[in-house]
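Asker: Below are the structure tokens for one structure; questions will follow.
The values are calculated or read from the model by the stated rules, or taken from the named source; none is laboratory data. Everything numeric in this text was worked out from a predicted model, so none of it was measured. Here Cβ is always computed from backbone atoms with ideal geometry, including for glycine, and neighbour counts include all displayed protein chains. The accessibility values were calculated without ligands, DNA or RNA, using every heavy atom of the protein model including side chains. Shrake-Rupley method; radii C 1.70, N 1.55, O 1.52, S 1.80 Å.
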Amino acid sequence: MAAASVGVVELGFVESAPAWRLRSEQFPSKVGGRPAWLGAGGLPGPAGLACALCGRPLAFLLQLYAPLPGRADAFHRGLFLFCCRTPPCCAGLRVFRNQLPRRNDFYAYEPPSEDPPPETGESVCLQLKSGAHLCRVCGCLGPKTCSRCHKAHYCSKEHQTLDWRLGHKQACTQAGDLDSTVPDHSFLFPEFEIVIETEDEIMPEVVEKDDESEIIGSMGEAPEEELDSMAKHESREDRIFQKFKTKISLEPEQCGEKRVVLRIKVDRRLTILRYGRGIAPIWVSGEKIPQETDIPDCPCGAKRVFEFQVMPHLLNYLKADRLGRSVDWGVLAIFTCAESCGLGTGYTEEFVWKQDITDAA
């Protein structure tokens, strides 16, 4: 579980975990699978979880359990990130926040047990305690139903068609529990638990001086102002990328013709996210770094602050290429309301800034 301590930087790694540890009552931080919704009310609907670019349903990418110390109304707090994985788009992103006090209508006052429950069945949970039904394909709010059986629920016509093609056509009129026969639609990302560890603060300081050696050879007709501009740009890019490498021990790896996956190795594991509410993110490039005016204020009127970033190394675990054109990014930076404004039991949308790998080229 991530603790939102000011100034503390935490790193996230993925690990395999039994299904029961990834259920909502365990308050998991996790990648892939279906969302383990926090609470049972006010879930974002199909319109909120549609790609703003292509209009198709977004896929659940990850969620982070990030309570705020000292805030009674944010004793439980979760951030839910979704992305488009439908070719040829694979570009839309949306993130939502929800928070609850310790005493609420959905969870026990005491922390959940670390021991597995007596019954650890693998059946998919597609109905919340509030009565809300979830889509069989993606696990998001499913207001649409199959017109024949009225038992299968969907978020969209696209997912109803996909489920129909992959077996619901045959299972629709058969007796039995549909939730126990949900097929693999190849829409969900592989599921892992995210474990959080504090960043090692004893890291080598890399100080590089600008190369002041003379330029050897003829420069032709290049104007002096152009040379100065190019030199400043390259020096800045070098410093930014060097900072990125110094912080997280980069090992570059070429993957495909045009795609570079930057692999971070810490204790032989890949760092998939970096958390630190209010700190500065680490960018992979000097290109497309947001200015303050690029980050919209929260609807409540408060500024948004950086909370965590998803590293490109998560791509190693997603197996996203099986759908054709892959999701891809250099850094996904998530900015949330500085006041973490009260929402009751509902979800509010926050802001994602995407810096592409190509920006670092």
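Asker: So which residues in segment 65-111 are closer than 17 Å to Leu343 by Cα and among the polar types (S, T, N, Q)?
Answerer: Asn98, Gln99, Asn104
Asker: Restricting to segment 79-107, what's the tally of residues that are open to solvent by less than 30 Å² (accessible area, probe 1.4 Å), closer than 17 Å to Gly42 by Cβ and touching a Pro at 6+ places or on another chain (Cβ under 9 Å)?
Answerer: 4
Asker: I'm checking my understanding of the structure. Among residues of segment 291-311 that are in contact with a Ser or Thr (Cβ under 9 Å, 6 or more places away or on another chain) and more than 14 Å from Val352 (Cα to Cα), which one is most open to solvent (accessible area, probe 1.4 Å)?
Answerer: Per the criteria, the residue is Pro299.
Asker: Name the one entry in Lys354, Lys288 that is of a type in the set (Lys, Arg), at pLDDT 90 or above and open to solvent by less than 60 Å² (accessible area, probe 1.4 Å).
Answerer: Values: Lys288 fails: open to solvent by less than 60 Å² (accessible area, probe 1.4 Å).
Selected residue: Lys354, the only one of Lys354, Lys288 that is of a type in the set (Lys, Arg), at pLDDT 90 or above and open to solvent by less than 60 Å² (accessible area, probe 1.4 Å).
Asker: Hey, another quick one. Among the residues of segment 56-77, write down those that are of a type in the set (A, V, I, L, M) and open to solvent by less than 10 Å² (accessible area, probe 1.4 Å).
Answerer: Step one: filter segment 56-77 for residues of a type in the set (A, V, I, L, M), giving 58-59, 61-62, 64, 66, 68, 72, 74.
Result: Leu58, Ala59, Leu61, Leu62, Leu64, Ala66, Ala74.
Asker: Which of (1) surrounded by fewer than 12 Cβ atoms within 10 Å (Cβ to Cβ); (2) of a type in the set (Asp, Glu); (3) closer than 29 Å to Asp328 by Cβ; (4) at pLDDT 90 or above is the odd one out, the single condition Glu110 does not satisfy?
Answerer: (3)
Asker: Right, something else. If I filter segment 48-55 for residues that are open to solvent by less than 40 Å² (accessible area, probe 1.4 Å) and within 22 Å of Tyr317 (Cα to Cα), do I get at least one hit? Full working, then the answer.
Answerer: The initial filter retains those residues of segment 48-55 that are open to solvent by less than 40 Å² (accessible area, probe 1.4 Å), namely 48-51.
Still in the running and within 22 Å of Tyr317 (Cα to Cα): none.
So far as segment 48-55 goes, no, none of its residues is open to solvent by less than 40 Å² (accessible area, probe 1.4 Å) and within 22 Å of Tyr317 (Cα to Cα).
Asker: I'd like the residue in segment 127-180 that is in a loop (DSSP other than H, G, I, E, B) and of a type in the set (Ser, Thr, Tyr) and, out of all such residues, is nearest to Gly39 (Cα to Cα).
Answerer: Let us first name the residues in segment 127-180 that are in a loop (DSSP other than H, G, I, E, B), namely 128-132, 135-140, 142-143, 146-152, 155-156, 172-177.
Narrowing the set further to residues that are of a type in the set (Ser, Thr, Tyr) leaves 130, 147, 156, 173.
On the way: Ser130: 9, Ser147: 29, Ser156: 23, Thr173: 32 Å.
Step by step, filter segment 127-180, then rank; the result is Ser130.
Asker: Since Gly139 meets every condition but one in (1) at positive phi; (2) surrounded by fewer than 22 Cβ atoms within 10 Å (Cβ to Cβ); (3) touching a residue at least 40 places away in the same chain (Cβ under 8 Å), which condition does it not meet?
Answerer: Evaluating Gly139 over (1) at positive phi; (2) surrounded by fewer than 22 Cβ atoms within 10 Å (Cβ to Cβ); (3) touching a residue at least 40 places away in the same chain (Cβ under 8 Å) leaves (2) as the failure.
Asker: Exactly one condition in (1) touching a His at 6+ places or on another chain (Cβ under 9 Å); (2) exposed (fewer than 15 other Cβ atoms within 10 Å of the Cβ) is not met by His150; state its number.
Answerer: Only one criterion in (1) touching a His at 6+ places or on another chain (Cβ under 9 Å); (2) exposed (fewer than 15 other Cβ atoms within 10 Å of the Cβ) is unmet by His150, namely (1).
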